[in-house]
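What follows is a single structure, written as structure tokens, with notes after it.
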Amino acid sequence: MLFELAMAALIQANLKPDHRAFQRYEISETLEVEQKITKVEITHGESEVQKREREEREKREREEQEREQQAKLARESHSKASSPRVEVLYPDGTNNCVSFAKRQTGINRPLGTGGRSAIQGQEPRVGAIGSTKGTPHAVVVTVINGNYITVIESNYKKNFITRRVLARSEFIGFIYR
């Protein structure tokens, strides 16, 4: 009976009773005994299923945008190898790449300068400490995208935690938990 009342209210309001237009309707029926008045309220909105689907779709879109941004950063970093793009994340007074990397990963054993004395392998892993070529420097691997590795680090820019995308070839090796 409630459905028929809702349909009648839609038709009376010159709305087409199209099932695709029905998202969520809250229908309440009030009957007053003496006056025999029926009241139908229709409230538009999304159902819980539609809300969950929308949230999942938005999450997938955000993740895709993040992957695209990481790939773009990797391309920019690789094409400008002499001056990779550095994203400053927040101030930090540590000024010690190894201490920062150990704190971030939970690795507590001695690593040596720039992590060079503790290298365990050549394969990057998210959460590993990477030791870069050139001046000894330890970084934390956060994303691996093919031949490009996104890292966070301390003291690449003095007094700041930064994020960069480096080519796989820029590493001596990696330290695992």
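The values are calculated or read from the model by the stated rules, or taken from the named source; none is laboratory data. Since this is a predicted model, take the numbers as computed values, not measurements. Methodologically, a virtual Cβ is constructed for each residue, glycine included, from the backbone with ideal geometry; neighbour enumeration extends over all protein chains shown.
May I ask you to list the residues in segment 76-102 that are modelled with pLDDT under 60 and not in a loop (DSSP other than H, G, I, E, B)?
Listed by number, the residues that qualify are Glu76, Ser77, His78, Ser79.
Any idea which residue in segment 36-68 is farthest from Asn145 (Cα to Cα), counting only those that are surrounded by 10 or more Cβ atoms within 10 Å (Cβ to Cβ) and modelled with pLDDT under 65?
Restricting to residues being surrounded by 10 or more Cβ atoms within 10 Å (Cβ to Cβ) and modelled with pLDDT under 65, the top hit is Thr38.
Just to be sure, is Phe100 assigned by TED's automatic domain parsing to the domain that holds Lys72, buried (at least 19 other Cβ atoms within 10 Å of the Cβ) and over 23 Å from Ala71 (Cβ atoms)?
yes
Any residue that is assigned by TED's automatic domain parsing to the domain that holds Lys72, out of contact with any Ser or Thr (no Cβ under 9 Å at 6 or more places or on another chain) and surrounded by fewer than 18 Cβ atoms within 10 Å (Cβ to Cβ) - is there at least one of those in segment 139-146?
Within segment 139-146 (the criterion being assigned by TED's automatic domain parsing to the domain that holds Lys72, out of contact with any Ser or Thr (no Cβ under 9 Å at 6 or more places or on another chain) and surrounded by fewer than 18 Cβ atoms within 10 Å (Cβ to Cβ)), the answer is yes, since at least one residue qualifies.
Can you pull out every residue in segment 103-126 that is in a loop (DSSP other than H, G, I, E, B) and surrounded by fewer than 17 Cβ atoms within 10 Å (Cβ to Cβ)?
Passing the criteria: Gly106, Asn108, Arg109, Pro110, Gly112, Gln120, Gln122, Glu123, Arg125, Val126.
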